Amino acid sequence: MNSSADKPDTVRRFEVTHASVLRLAMPMTIAYITTPLLGIVDTAVVGQFGVPAMIGGLAIGAVFIDLIFTTFNFLRSGTTGLVAQAVGAEDEKEKQAILFRALAIAILAGMIFGVASPLLLKFGLWFMAPSPAVAEAASTYFLIRMIAAPVSLGNYVILGWLFGLGKSTTTLAIQLLINVTNMILSIVLGLWFGWEVTGVAIATIIGETIGFIVGGYLCWRLLDRTTRPSRKSIFKLQSWKRLANLNVDIMIRSFALLFAFAFFTAQGAKFGEVTLAANALLMHFFFIGANFLDGMVAAVEQIVGRAVGANYRAGFWKGFWYALFWGAVMAIGCALVFWLTGETIIHLMTTSDVVREEAATYLIWAAIIPLTGLLAFHLDSVFIGATWTRDMSIMMLFSLVIYVLAWELLKEPMGNHGLWLALNAFLVLRGLTLAIRVHPRVKRTFPSAAR
């Protein structure tokens, strides 16, 4: 790929303004926010049956799925960064080659995980150690969801590739198609047909499959048929090594992040089914906040990646600061909404009075997550877009160790409050440790670029 590393004196300028950042971010904000809304719908469907064990089982099953799929989140974020750099370098063949390589990994990995799902489930239940009723619900959800593993991972690639091209509206349309289909079918199959957790899982399979078919067709339409990468360039060893190194770092980061969530769920389970269910409801606030901000941080990935490919330092810094400003505005607004409407949302998600009361006790910790996580979310996207992923994985592991140690110190005096405090401290520390590495990385990446 023709990158700034290959031609350090070549600068390809492009426009970066507040308006251009918002044009990229807003469609993706809408797209990403539908994902946690889908989680709320799924929880609300199961919650209407008034059984805490069923809510907890759905939460644990979802953690298992996320632990696997989000570990492969590099198929989305890594693809976005690499494609954006190819766009900045004006390398049409590499844009297409990245799509083919990433899809090959997604489909193969999905098939392997589908076959290995019973073994993965057994390990997950051993780690979480839930009650028999919770384990039964979690097993049902997990095993059904894993049937669609290849298309689920394939959707990561499709969405990442399209956004790397700057096709935020197209990406929004596909994400909405997947999630809205899923929500409607979850209500129909889970609630109206009375299939409970089984119906929710089947709805997800159908939504993911439809999204993969439509998204794959749109990607095919966008390929420049006059410029095709050769088979040799697609399987070029150097490109696969670069992809592998990038993927390993993002995989470590994603696995560590999902381990942090799984650890949180496992520790909460020790306080009983009611606290487990309450924490599961409140974690939806976390995912809403993260996904609400993800539209802005996805814009950073695209702009930063393109700036690195174009060797355009000024574009990098404009994208960095403009997106951080708008991310802060969004984070403050999101935290206020959570604090003012949180109890109403909790009441919509479950009919269990004891779970409602327990969740309200810890609401403040979930409400401040958009603020404590802002810098970490923002800098993750910067490091992924610029493919500075080794620093990101190291800082993540360091922060994870501090998180676990903090919980050990806080669990006796603070109980579940201490668990939420440790989680928020983990997010703050991730942001601060990454911030230290930004300027050294910029100097190394843009040694002779125009300012």
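The values are calculated or read from the model by the stated rules, or taken from the named source; none is laboratory data. Bear in mind the structure is a predicted one, so any value in this text is a computation, not a measurement. When the accessible area is computed, the model is the full protein with side chains, heavy atoms only, and any ligands, DNA or RNA have been set aside. Shrake-Rupley method; radii C 1.70, N 1.55, O 1.52, S 1.80 Å.
Tabulated data for the structure shown
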read-out	value
Degrees, to the nearest 10: 52-69 long Cα axis against longest axis of the chain	20
Greater than 25 Å apart at Cα, pairs in LYS93/LYS443; LYS95/LYS232; LYS167/LYS241	LYS93/LYS443; LYS167/LYS241
Extension gain (nm, one decimal) between LYS270 and ILE210, 0.36 nm per residue minus Cα-Cα	17.7 nm
Between helix 273-310 and the chain: long-axis angle, C-alpha atoms, 0 to 90°, nearest 10	0
For the chain, calculated [θ]222 nm from helices alone, where every DSSP H run of n ≥ 4 adds -39500 (n - 2.57)	-28000 deg cm²/dmol
Under 16 Å from LYS270, Cα to Cα: aspartates and glutamates that are on another chain or at least 8 residues apart	GLU358, GLU408, GLU412
Nearest 10 degrees, 0 to 90: helix 74-88 Cα axis against the chain principal axis	20
5 angstrom amide H check on LYS167, placed H, neighbours 5+ away	none
Cα-derived Rg to Rh of the chain, Kirkwood definition	0.96
Span from the the range 143-196 Cα centroid across to the the range 315-367 one, whole angstrom	23
Protein accessible area in the range 302-451, 1.4 Å probe - carbon and sulfur %	69
Å² of accessible area per residue within the range 401-448, as computed with a 1.4 Å probe and no ligands counted	48
